[in-house]
Amino acid sequence: MKKMLFTLVALLGIAWVAAAATPEWRIAGDEKSLYDLLDLDRPGLKAVKKAVAKGDIAAADQELLKYFRSRKNVKIYGLDIEELDLTQEEQMMADQSLEHKFYAHKGYQPSYFYGDDIDWRYWPVKDNELRWQLHRHYWFIPLAKAYYLSREEKYIDAWIEHYTDWIRKNPIDGVERAQAAGASAEEIAAEKENFRFAWRPMEAGRRLQDQLTEFELTIGSQRFTSDFLNLFLRMFHQHADYVLHRYSEKGNHLLFEAQRMLFAGIYFPEFRDAKAWRESGIEILNREIGVQVYPDGMQFELDFGYHIAAIDIFLKALGMAQINGLAKEFPASYVATVEKMTVVTYNLLFPDNTNPMFGDTKQHNRSTLKRQFATWSKVFPANRQLPWVASDKKEGEMPSYTSRAFEDSGFYVLRNGWDKNATVAIVKAGPPAFWHNQPDNGTFEYWHRGRNFFPDSGSYVYGGDAEVLAQREWFRQTRVHNTLTLDDRNLEQTDSKLLLWKASGKQTVCVTENPSYEGLTHRRSMFLTAEGVLVIADQAFGTAAGKVGVHFNLCPGEVRYDENGLRTLFEKGTNIRIRTVCDAPMKIAEEEGWVSNTYRKKQERPAYAAEAQKAAGESRLFITVIAPVSKEADRIEIAPAQQATDRSLHFTVEVNGKKYDLGYDLK
Ligand code: CA
């Protein structure tokens, strides 16, 4: 190790060599500079201070290592060293990394080989996430854990090798150095590109956080030398200082960064700047919980996945503060808001603990989700629903209600029960949101007795080159959601308002309206009956003319179309029929359909639209019945609407001999 560092330090003076494939860089700063960053007057650092005063940096490093090896005054929330375990996946990540096959992204498995001489700029598929997430070093903690549990030095050696190689090849001032060395415009552009990926604050924050666990698990090893400690701490400070000055502007990235800064500040109080790091994290989280969480408890990106991530961020910060004696930094309102967020979460779950995939949401791992609920229930012991979800409904208490409206964020849960025989329709019709949101207002998922008949298309990929972006755009389209379009175009506006909400044991009614296009307003009324029949009335008003389509994207499986819709043909479990009528000539048009439950995985599925023309100023009405069917009875009748006005609508439907009078009167 010493020899390796010596080599690295010896590179200090080597200038930019334009022709070299991998330019060699010095490690930023020098060993002495570490001692300007530390508060040597803290208890336990006397011997270090003495050595520094003598100018003996090597001795100071030795004393500092002794200090950190015996230090007991801070804890990392979530890390239980006595109960440390290494999952199969982590073992695999650690083992593969020994051969430089780095786990850069879950969606790109098996992992790519990054070269004997590691090429941190290798980019086999031009998906930005693949390049960004490489710099999160997902396999570093697995290496540290594998070492800690097995004591096999190959793991810690690999961690130190990857760590120092990364520092050498991704210096924070790579662009400036290339410019100073007179590199070509192309080389400078490549440095800039690399900086964008390696030093995005999100990734820097992730490394900052993970380095704490890596440190905790490796500091006791003889391989963790005093000069490596010096390097490690300087790099740690560089990361924290960088994030402090480059916080993301908003959204979940800002939350992640703030939580990680709080961890950094609490874990290394020896740094003079630690207090500022910790305070900035606490200040941002206390501020952003008011900004990013709607009064109804939903995170403002309107994405189930990031909503859960936000809960975990808020609770991790709180937990870290609590176990280190700083709980009072978070007011009671902070804790109450997080509990509200957990309430939204179980309301948005289907009875089998699967989740809707609106926006960029993916299908969550159900056992992870249960563990999250178990963690939350420890923070909020008075909430009896959290253990109920965590225990698969064996402990705790079922909610006392069924349907629930989250009006601020625009999520409406139409539910007739909580068990496996229930029917649950979740509608998304809310305010505008950000990147992870999609132009999908009015869309819904419908779960009936164990099957989600209308899973959201999902997102498939995030961003990248034109090819990757085109894949993302396909999954974002309005027409691949279960809502209404004009000429199959994406919605121009997504800003739905709730006009009516009524939930009784017999029926739930939800009427929302979105100013979808210039000249076209979409009003969607949904009715869920006690039997699990979902009826949807779609009205299109306004001056626009064109083809109006109501889209239905089903779960994968065989279907049979007819002139009004279709029926599913599952051999096991329940089936549904969909039937639509319109107040103008209507046709059923089959469409391309895909669903993506997880990154870069997709499955074909049936999809179609019920279409009719609309003249300027005319209004159009579609009534759709989605009904569970049995072999014996699957008759659906829809009586035409009586004279509708813009404030009222009434009609009747008959399903398997049962008649429903449906409609609304707005005040
Ligand atoms: Ca979607």
Worksheet item: Alpha carbon centre of segment 447-489 versus segment 238-308: separation in Å?
Response: 31
Item to complete: Note down the nm distance, to one decimal, between modelled labels 7 Å out along Cα→Cβ at residue 646 and at residue 489.
Response: 2.1
Item to complete: Return the calculated 222 nm mean residue ellipticity for the chain, to the nearest 500 deg cm²/dmol, obtained by summing -39500 (n - 2.57) across DSSP H runs with n ≥ 4 and dividing by the residue count.
Response: -11500 deg cm²/dmol
Worksheet, complete the sentence: On the formula 1/(1 + (r/R0)^6), with r taken between the Cβ atoms of residue 434 and residue 332 and R0 of 30 Å, the FRET efficiency rounded to 0.05 is 0.55
Worksheet entry | Net charge contributed by nearby residues that have their C-beta within less than 13 Å of residue 608 (K/R +1, D/E -1) | -1
Worksheet item: Of 320, 124, 576, which is farthest on the positive side of the dipole of the chain, counting Cα position, with +1 on Lys and Arg Cβ, -1 on Asp and Glu Cβ, and the Cα centre as origin?
Response: 320
Worksheet item: Local charge sum around residue 422 (other residues, Cβ-Cβ under 11 Å, Lys/Arg +1, Asp/Glu -1)?
Response: +1
Fill in: Ellipsoid semi-axes in whole angstrom, largest first, where each is sqrt(5λ) of the Cα gyration tensor of segment 579-667
28, 21, 14
Worksheet item: How many angstrom lie between the C-alpha centres of segment 409-436 and segment 72-116?
Response: 35
Worksheet entry | Carbon + sulfur, % of accessible area of segment 262-400 - ligands and nucleic acids excluded, 1.4 Å | 53
Practice prompt. Just order 134-142, 585-593 by mean Cβ neighbour count inside 10 Å, highest at the front, would you?
Written response: 134-142, 585-593
Discussion item. Computing the accessible area with a 1.4 Å probe over protein heavy atoms, can you report the carbon and sulfur percentage for segment 581-638?
Written reply: 46
Discussion item. At 1.4 Å probe size, with the rest of the protein present, what percent of the exposed accessible area of segment 161-214 is carbon and sulfur atoms?
Written reply: 52
Discussion item. If packing is taken as the average count of other Cβ atoms within 10 Å, what order do 411-421, 493-503 fall into, highest mean first?
Written reply: 411-421, 493-503
Discussion item. Can you give the local net charge around residue 53? Use residues other than it whose beta-carbon is closer than 14 angstrom to its beta-carbon, Lys and Arg +1, Asp and Glu -1.
Written reply: +1
Worksheet entry | Relative packing of 425-436, 116-127, 599-610, which averages over residues the other C-beta atoms within 10 Å, highest first | 425-436, 599-610, 116-127
Worksheet item: Rounded to the nearest whole Å², what accessible area per residue is found for segment 262-400 with the 1.4 Å probe?
Response: 36
Item to complete: Among 163, 212, 178, flag the residue with its Cα farthest along the positive direction of the charge dipole of segment 153-221, charges on Cβ as +1 for Lys/Arg and -1 for Asp/Glu.
Response: 178
Worksheet item: In a solvent-free Debye calculation with one equal scatterer on each Cα, what is log10 I(q)/I(0) for the chain at q = 0.05, 0.06, 0.11 Å⁻¹, listed in the order of the q values?
Response: -0.29, -0.41, -1.11
Item to complete: Only Lys, Arg, Asp and Glu count, each charged at its Cβ (+1, +1, -1, -1), so figure out the dipole size of the chain about its Cα centre, rounded to 20 debye.
Response: 1420
Discussion item. With the cut-off at 1.5 for a/c, could you classify segment 251-357 from its C-alpha gyration tensor as rounded, prolate or oblate?
Written reply: prolate
Worksheet item: If each of residue 590 and residue 32 carries a label point 7 Å out from its Cα toward its Cβ, how far apart are those two points in nm?
Response: 7.8
Worksheet item: Hey, if you put +1 on the Cβ of every Lys and Arg and -1 on every Asp and Glu Cβ in segment 404-631, which of 615, 414, 480 ends up farthest toward the positive end of that dipole?
Response: 414
Worksheet entry | Residue-normalised accessible area of segment 404-631, expressed per residue, 1.4 Å probe, Å² | 36
Fill in: Heavy-atom accessible area per residue - segment 89-163, 1.4 Å, Å²
39
Item to complete: Output the relative contact order of segment 262-400, whole-number percent, from Cα pairs under 8 angstrom with separation of 6+ residues.
Response: 18
Worksheet item: Can you give the charge dipole size of segment 404-631 about its Cα centre, rounded to the nearest 20 debye, using +1 on the beta carbon of Lys and Arg and -1 on the beta carbon of Asp and Glu?
Response: 880
Practice prompt. Would you mind telling me the antiparallel percentage of the DSSP bridges in segment 356-443, rounded to 5?
Written response: 100
Worksheet item: Roughly how tilted is helix 185-198, in degrees to the nearest 10 and between 0 and 90, from the longest Cα axis of the chain?
Response: 70
Discussion item. Can you tell me how segment 404-631 classifies by the Cα gyration tensor, rounded, prolate or oblate, using a/c under 1.5 as the rounded cut?
Written reply: rounded
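The values are calculated or read from the model by the stated rules, or taken from the named source; none is laboratory data. Computed from a predicted structure; not experimentally measured. In this analysis, Cβ positions are derived from the backbone assuming ideal geometry, glycine residues included, and neighbour counts consider all displayed protein chains. These area figures cover heavy atoms from the full protein model, side chains too; ligands, DNA and RNA do not enter into them. Shrake-Rupley method; radii C 1.70, N 1.55, O 1.52, S 1.80 Å.
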